[in-house]
Structures are given as C-alpha cells and as structure tokens.
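A short worksheet on the structure shown next.
The values are calculated or read from the model by the stated rules, or taken from the named source; none is laboratory data. As the structure is a prediction and not an experimental result, all values here were calculated from the model. Neighbour counts are summed over all protein chains in view; Cβ atoms, including those assigned to glycine, are modelled from backbone coordinates with ideal geometry.
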Amino acid sequence: MKYTQIERAVQERMRPGHITALGLLGDDQRPVADIMQADSEAFSRLGMDFDQVADLLEHLRSAGQDGLGEPITVDNRYLVSTGDARGVLPCPWNDGVHHKNAITVQDQRSGRTIIYSDLSIHLLRVHHFCQGKGSPFRLDPDTLAAIL
Amino acid sequence: MSSAINPVILFFASIFTSNILLSNFLGTCSFISISKDWKSSFGLGMAVTFVLTITAAISWLVLTYVVIPLDIEYLSFIIFIIVVAAVVQILEMIIDRASPALYMSLGIFLPLITVNCAILGAILFMQIRQYNFIQTVFFATGSGIGWWLAILLLAAIRERIEKNPVPAGLKGAGITMITIGFMAMAFIGFSGMIAVQ
Amino acid sequence: MIDFLYGPLITAGLAAGLALVIVVLDAIVNNYGDVKIDINEGQRSYTVRGGANLLGTMAAEGVFVPSACGGRGSCGACKVRVLSDVGPHLPTELPYLSAEEVTQNVRLACQIKLKKDIAIELAEELFSVKKFQSTVSSIKTITHDIKEAVFRLDNPGEIEFMAGQYVQLVVPPYGTFKESVQRAYSMSSKPGDRQAVELLIRLVPGGIATTWVHQFLKEGDRVELVGPFGEFHVRDTTAAMVCVAGGSGMAPFKSMFYDILQNSSYPEKEIWYFFGARSGRDMFYLDELRQLETLLPRFHFVPALSEPSSDDKWTGETGLITDVLERFLKERIGTAKGLEGYLCGSPGMINACTTVMTRNGINLEKIYYDKFA
C-alpha cells in the first residue's frame, strides 16, 4: 500500500522522539492505517463505540482529578491517579494540541490497568486510533472491554 | 526536422488539448494521492509548473550542446534524470535563501517532484518532437499549468465526492479512477482542434 | 575499442559537474556570515555566526531560554517575542501559539533560523540563568514513587536563587532514546546551600525524564542543570501564607520554609502548610515538618490523607486537601493581617484550590503559583 504524503507525515510524527519520547507506535511494525483497521474491527466485534469509550475515559479523568494529583477511588471500582506535566502535545494529524498528562486507571475488579492522556482520548475519539502494540499508552480494545 | 508549431499555440495546446496528465497519463501517482487535499494540490501544482519549466530549459541546453554533439543520445534518459535531480536540489537551496515565503509554500513538494514522471515525460517529448528553445519553454510551462489545472479540478471534485454516498467497494481509489476517466474524456473533446507534434 | 566507455564517462562527468555546482552553491547560499542578535532594544547584543537556530545559538552565548525538548519544536516552551522581521510563522510553530501570540510575533526560538540581524525581547531574569555541570551526590527513595536527588555543583560551583524557583534537568539520551530532553523541577534545597541543588522527582508513567531518574541515575553520575527559572517566591508582606501541595509539590515549600527558618525572614508572617496524600505510603517528611513546627512556632503543618488505609493508624486530618483547606480557612486561620495563597501542583489542583481560596476571602491577585502548563 502506497502512503499519501499526509499518512507518511503522520506515521513519521508517531515515531519515538517526535511528539513523545516513546512514540505512539510502540514496537508495532504495521502501517498506521492497518493498526486502525484492526482496532476498528475489534471495537465492532466487542460491541463498543469510540465515542462512548472516549466519554467514559473522560469521566474517569474528571473524577480522578478530584484527587488533585493523588490516587483516588472512583465508582467504588477504579483507582485513578492523574499526573500533569508542563507543556502540551500536538496531535500527529496536526489538529490541535493537548495538555500533557497521564491518567492511570487500575480496575480493581479485573485487575487490569490502562494509562492514557488527553491526547489519547482525542486520538481515540476523533481518529479512532488506539496507538501501536507496545506503546505504554495503548488503549487495547480487549483491555478496554474488560475494564469498562 | 524541427517542429514548426507556433510557441503560443503550443502553450495553450499543452494546457487543454494535450494535457500531459489527462491525455498522456503522466504523473498520475502524485495526482491521485495528493488530490485528496485542495491546499496540497495547489502547492504541488505550482511546484510542478515551476520545476518543469526550469528543468526543461536546462535539459534542452544539455541536450543540444552536450548530448547531441557528443553522440550519446542513448544515455539521454539517465542524463535527464541526473539533471532533474540536481536542478531540484539547487532550486531548493536558492528558494530557501531568496524567498522563505515561497519556500514554505513549495516546501515539502520540491523533493517529491524529482520522481514525478510528468517532468521526465515532458522532457522526453521535447527531445522526440525536436522543439527549439522557445517552444520548449512554452511547452514545459503549458504542460505544468495543465497538470496544475488537472489536479485542482480533481481535488475540487473529490471534495464534493467526500460529501456524497459512494458504494463501499468504490470508495477512495476506485471512485477517483472513475472520476479521472470522466475528466480525461471531457478533455478528449478538445483534441483534434490542434495537433501537437 | 574503449568507445563503450565514452558515454558513461561523459555522463559521470556531467553528474560530477552538477554535484560540484551544488557544493559550491551550498557554500555560497548557506553562508549567512555574521549576524547580530539584539536583546531588549540594546540591553545586550551578540554577534554570532548565522545559519543555526536562535535557541541553540543563544545557548552557546550563555543565554538560556527554557526549553523542554531541546530544540525539536515539540514542547513549545522556548517562546520569545521577535521585534524584527523574520518572515511568517512556520507551520511547525503555529500549533503552540495562541492567536494573540501570533499577532505579537511571538516565535519559537528553536524554529527561527538566523539569516540576518534580529531583535528580540527576553525576560530579564533569564540573563542570570546559567548552565551547571554537577555530580549526583545522593539519591534517596522518599516514597514508593518519589525520589530525592542531590546534585553537587561542579562548574559553576554556586547557584544563586530564590526559594520556590525551578531548574531544568538535562536528560541525556539513554536506552532507546536518541535525543536529549530537558524537564523542569522545583528546587527543594535552601538558597543558603549554594553548592548543591536538591530535587524531588515523582515517577510519571511513561515519562522519559522521571523514568531516567528513577531507574538509571546513579550516585556519581555527571548531570547538567540549567536555571534558575520562575516567578514563584515568598512575597515580602506581613500577610499569612496559606500553602497547599501534594506529592512532589512539596519541593518549593521545603525550600521556602527552611530558608525562612535559617534567616528568620518575614518575622511577622504566619505560615500554614496543607499537604495532601492518599494514604500513608504517599506521605513523607512528616517528622521533619513536625520538628520544624517546634523550631518555628508560627509554622503550622496540616497533613491530610484522603483514603487512609487501616494500617496507617492515621490520627490526622482526613479528606481531600481542598476540603481540609476550606475547613481551616473558615474555622482556624486568622485573617487579621490578610492572607496569601501559595500553590504547587497540577492545573486541576491549582484551579480547585483557587476556587476554595477565593470563596474564603483570599484575593485572586494574592494567589501565587508557578504556571505549570
């Protein structure tokens, strides 16, 4: 598959050291379009909707922010901690910047953990991109299904 | 046996009646991929016109004063490619220094053009049809503008297609190919008005 | 016989000729000669070689504009206002600039290539910023995710700063990372201890700098620091200080309080310090700060746990720090001499505390914090 200029630029910006130190692709060697295709299929298989999941992640984030940087129990089930850093991260599709933060959600019921940021929520909602396998901020559809 | 066609007629002919893209299908790879986006199409079209004019003129000089006298026309392909690559490099440096604004709008497209077949295609037409220098410049500029026009038209059409329901199997490249086919047929309507030889 | 070589040789000669033209042109076109940088309309000026970016060129001259990414255009921190014409904003700059900044010609110093004389505006305090070579003299584990690192300054050997300011830690490439980055941390050491800088660093998941400090940095390592930066410091008034922090937000306050103790400065200032954590394992410096209360009677320490676990045997305040703060503002803290708010934490924490403070009579202009984002 031949990339367009835009796809190539997006893929380039997702590599380590461009937007984030670790990059958004992890050790995933597949083209971005293939990653998105596979995750979209997983989303429909699991009966999840990108917007709904993004809403939930935003809910957990706002509830977690009440902890003011310290971990806090949300909905009697999740242990959420939010950490903020200086600065902003641009979206690799160049449609805006997002505050730099990390939200860690530990689900006490399933024992699974996800880490995400404002940028991750935007990538999920607008671009339907869950990040590559091996990226610490990957929102894996199966893990999401188990947690949410 | 030099072609005797009037340069001005050649200029308009290469825009409309023998559009390098829609009648010769040269430079289609970037044509299809870049035309997704109107702004990029505009930039790329401008860059193609610019580079095509300059490389064709320089290639004509190289052809007339180096290749033909030394009788190495069998190597002209390679020589043209080297010339195109070098000229693009040089242009990039000069534009960066002289006009940052122009550099920004041409920016990423300049290196991309090195591998655009419309450039080499036009240069080879120039060689085969034995144009003189004036004809070469008019033909190259016309071909560039023709390419520019075609990609802008396609970008505009694709923006409209985006908003309309397209059968799933035809989305993306499929409907684009069909669109280009229609456009080419429309341009065929012009052909025969002037014979470019 | 060698006729067949004739064509290829000419072609190669042609290619070599064109390559030569490119090299010569490159030397002419990309030689920008000497360029003058004028800062604050004549306050300082430097004559430098052109061609490189403004950020790096100024750093080489000893003027350090804060930058987190080290000049790759990915943090948007190195903003400077350019007074002369340096061409339109680049697409690489625009995502980081507000509409107002664009009209004021605020630019990212790392994206501006020095091609001709340039005039810029810089905050004066940046002139006292230096780059320090240092050696890690100790790293202590304070909680499960916070480390206290002390850097002994080698060259220059001393730092002058106000309690509350921060430094940038230069993280060298490590592991799979190929590029150096810089991150800002508030100094927790006293300004009186000029030969060393102490930082509190909390591990952030996926964080490049914090991971490096927590897993790679060892005692004896050589590290670069750039600073001091920041506007966060104790105001010289008689109003009481109401300080709120959590986690590594402890750092600037530790510096301020011990500085006040050492110099007996601002003798009329009452100090209230609210420190929030989730449970016992996130709480630290309890004994030190309780001891400080006895040494400095006008200092009041209020630690609070939001979700104490049963083994913590916690007898202090419980609840979110904002709720504890509100209770104290309403019931305990006297407002006779006026109040000032001092905050260190995330934007969310600052917003929440600002709301509580303004609701309880602290003027918005009297609430100080280091702008985090």
Quiz item: Is region B:5-23 home to any residue that is part of a helix (DSSP H, G or I), of a type in the set (A, V, I, L, M, F, W, C), within 13 Å of B:Ala150 (Cα to Cα) and modelled with pLDDT of 85 or more?
Solution: yes
Exercise. Using the structure shown, decide if A:Asp95 is buried (at least 16 other Cβ atoms within 10 Å of the Cβ) and either more than 12 Å from the chain's Cα centre (by Cα) or within 25 Å of A:Asp34 (Cα to Cα) (or both).
Key: no
Quiz item: Only one of (1) surrounded by fewer than 19 Cβ atoms within 10 Å (Cβ to Cβ); (2) in contact with a Gly (Cβ under 9 Å, 6 or more places away or on another chain) fails for C:Leu9. Which number is that?
Solution: (2)
Self-check item: Checklist (1) modelled with pLDDT of 90 or more; (2) surrounded by 15 or more Cβ atoms within 10 Å (Cβ to Cβ) applied to C:Thr141, failing item
Solution: (2)
Exercise. Note down all Cβ pairs under 9 Å where the first residue falls in region B:99-120 and is farther than 16 Å from B:Ala86 by Cα, the second is charged (D, E, K, R) and modelled with pLDDT of 70 or more, and they're at least six residues apart or on different chains.
Key: B:Pro100/C:Lys113; B:Pro100/C:Lys115; B:Tyr103/B:Glu92; B:Tyr103/B:Asp96; B:Tyr103/B:Arg97; B:Leu106/B:Glu92
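Take the residues in region C:162-175 that are crowded, with 21+ Cβ neighbours inside 10 Å and outside any strand (DSSP E or B); name whichever of them is farthest from the chain's Cα centre (by Cα). Write out each step before concluding.
Quick first cut of region C:162-175, residues crowded, with 21+ Cβ neighbours inside 10 Å only: C:163-169, C:171.
Those left that are additionally outside any strand (DSSP E or B): C:163-165.
On the way: C:Ala163: 14, C:Gly164: 11, C:Gln165: 8 Å.
Per the stated criteria, the residue is C:Ala163.
Got a sec? Which of B:Ile58, B:Ile82, B:Ile15 is within 13 Å of B:Ala140 (Cα to Cα) and touching a Leu at 6+ places or on another chain (Cβ under 7 Å)? Step through it out loud before you land on a result.
Numbers: B:Ile58 fails: touching a Leu at 6+ places or on another chain (Cβ under 7 Å); B:Ile82 fails: within 13 Å of B:Ala140 (Cα to Cα).
The match here is B:Ile15.
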Practice problem: Might you let me know whether region A:61-84 holds any residue that is surrounded by 16 or more Cβ atoms within 10 Å (Cβ to Cβ), at pLDDT below 85, part of a loop (DSSP other than H, G, I, E, B) and among the acidic types (Asp, Glu)? | Solution: yes
Quiz prompt | Filter result for the condition that a residue is within 30 Å of C:Val23 (Cα to Cα) and crowded, with 19+ Cβ neighbours inside 10 Å, over B:Phe80, B:Phe11 | solution = B:Phe80
Quiz prompt | Number of the exception - C:Leu55 against (1) loosely packed, with under 14 Cβ neighbours inside 10 Å; (2) farther than 21 Å from A:Asp95 by Cα | solution = (1)
Quiz prompt | Complete set of residues in region C:316-373 that are within 26 Å of the chain's Cα centre (by Cα) and charged (D, E, K, R) | solution = C:Glu340, C:Glu365, C:Lys366, C:Asp370, C:Lys371
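Of everything in region A:74-123 that's of a type in the set (Lys, Arg) and within 12 Å of chain C (Cβ to nearest Cβ), which residue is nearest to C:Val181 (Cα to Cα)? Before the answer, list the steps.
First pass over region A:74-123, keeping only residues of a type in the set (Lys, Arg): A:77, A:86, A:100, A:109, A:112.
When the remaining residues are screened for being within 12 Å of chain C (Cβ to nearest Cβ), the result is A:86, A:100.
Values: A:Arg86: 13, A:Lys100: 15 Å.
Top of the filtered list is A:Arg86.
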Self-check item: Hey, C:Pro95 part of a loop (DSSP other than H, G, I, E, B), touching a strand residue (DSSP E or B) at 6+ places or on another chain (Cβ under 6 Å), modelled with pLDDT under 85 and not assigned by TED's automatic domain parsing to the domain that holds C:Tyr166 or not
Solution: no
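Please determine, by comparing only the residues of region A:103-117 that are of a type in the set (D, E, K, R) and touching a helix residue (DSSP H, G or I) at 6+ places or on another chain (Cβ under 8 Å), which one is surrounded by the fewest Cβ atoms within 10 Å (Cβ to Cβ).
Applying the first criterion (of a type in the set (D, E, K, R)) to region A:103-117 yields A:107, A:109, A:112.
Going one step further and asking which of them are touching a helix residue (DSSP H, G or I) at 6+ places or on another chain (Cβ under 8 Å), we end up with A:107, A:112.
Working: A:Asp107: 17, A:Arg112: 15.
If we take residues in region A:103-117 being of a type in the set (D, E, K, R) and touching a helix residue (DSSP H, G or I) at 6+ places or on another chain (Cβ under 8 Å), then A:Arg112 is surrounded by the fewest Cβ atoms within 10 Å (Cβ to Cβ).
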Practice problem: With the condition kept exactly as written, say whether any residue in region C:191-202 is surrounded by fewer than 20 Cβ atoms within 10 Å (Cβ to Cβ), in contact with an Asp or Glu (Cβ under 7 Å, 6 or more places away or on another chain) and of a type in the set (Lys, Arg). | Solution: yes
Exercise. Please specify each residue of region A:27-60 satisfying the condition of being surrounded by fewer than 15 Cβ atoms within 10 Å (Cβ to Cβ) and in contact with a Gly (Cβ under 6 Å, 6 or more places away or on another chain).
Key: A:Asp27
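Out of C:Val48, C:Val86, C:Val35, C:Val65, I need the residue that is at pLDDT 85 or above, in a loop (DSSP other than H, G, I, E, B) and β-branched (Val, Ile, Thr). Which one? So that I can check it myself, show each step before the final result.
Details: C:Val48 fails: in a loop (DSSP other than H, G, I, E, B); C:Val86 fails: at pLDDT 85 or above; C:Val35 fails: in a loop (DSSP other than H, G, I, E, B).
The conditions single out C:Val65.
Tell me, which residue of region C:1-55 that is of a type in the set (Ser, Thr, Tyr) and at the interface with chain B (Cβ under 10 Å from one of its Cβ atoms) is nearest to C:Lys113 (Cα to Cα)?
Of the residues in region C:1-55, the ones of a type in the set (Ser, Thr, Tyr) are C:6, C:11, C:32, C:45-47.
Filter again for at the interface with chain B (Cβ under 10 Å from one of its Cβ atoms), leaving C:6, C:11, C:32.
Details: C:Tyr6: 45, C:Thr11: 37, C:Tyr32: 10 Å.
Result: C:Tyr32.
Yes/no per residue for (1) within 14 Å of chain C (Cβ to nearest Cβ); (2) β-branched (Val, Ile, Thr); (3) not in a helix (DSSP H, G or I):
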{"position": "B:Phe42", "(1), (2), (3)": "no, no, no"}
{"position": "B:Ala57", "(1), (2), (3)": "no, no, no"}
{"position": "B:Pro69", "(1), (2), (3)": "yes, no, no"}
{"position": "B:Tyr74", "(1), (2), (3)": "yes, no, no"}
{"position": "B:Ile81", "(1), (2), (3)": "yes, yes, no"}
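Yes/no matrix, rows are residues, columns are (1) away from every other protein chain (no Cβ under 11 Å); (2) assigned to a strand (DSSP E or B); (3) among the acidic types (Asp, Glu); (4) in contact with a strand residue (DSSP E or B) (Cβ under 7 Å, 6 or more places away or on another chain):
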residue	(1), (2), (3), (4)
C:Ile120	yes, yes, no, yes
C:Ser138	yes, yes, no, yes
C:Lys178	no, no, no, no
C:Ala184	no, yes, no, yes
C:Ser189	yes, no, no, yes
C:Leu199	yes, yes, no, yes
C:Val204	no, no, no, yes
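If you scan region C:269-292, which residues turn out to be out of contact with any helix residue (DSSP H, G or I) (no Cβ under 9 Å at 6 or more places or on another chain), away from chain A (no Cβ under 14 Å) and farther than 19 Å from C:Leu329 by Cα? Break it down into steps so the answer makes sense when it comes.
Our first condition is that a residue be out of contact with any helix residue (DSSP H, G or I) (no Cβ under 9 Å at 6 or more places or on another chain); within region C:269-292, this holds for C:270, C:278, C:286-287, C:290-291.
If we keep only those that are away from chain A (no Cβ under 14 Å) too, we end up with C:270, C:286-287, C:290-291.
Selection gives C:Leu286, C:Asp287, C:Arg290, C:Gln291.
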Quiz item: So which strands (runs of 3 or more DSSP E) are wholly in region C:295-373 and hold at least 2 residues that are surrounded by fewer than 21 Cβ atoms within 10 Å (Cβ to Cβ) and away from every other protein chain (no Cβ under 14 Å)?
Solution: C:299-305, C:367-369
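Listed residues C:Arg235, C:Arg222; which is charged (D, E, K, R) and assigned by TED's automatic domain parsing to the domain that holds C:Val171?
Details: C:Arg235 fails: assigned by TED's automatic domain parsing to the domain that holds C:Val171.
From the options C:Arg235, C:Arg222, the qualifying one is C:Arg222.
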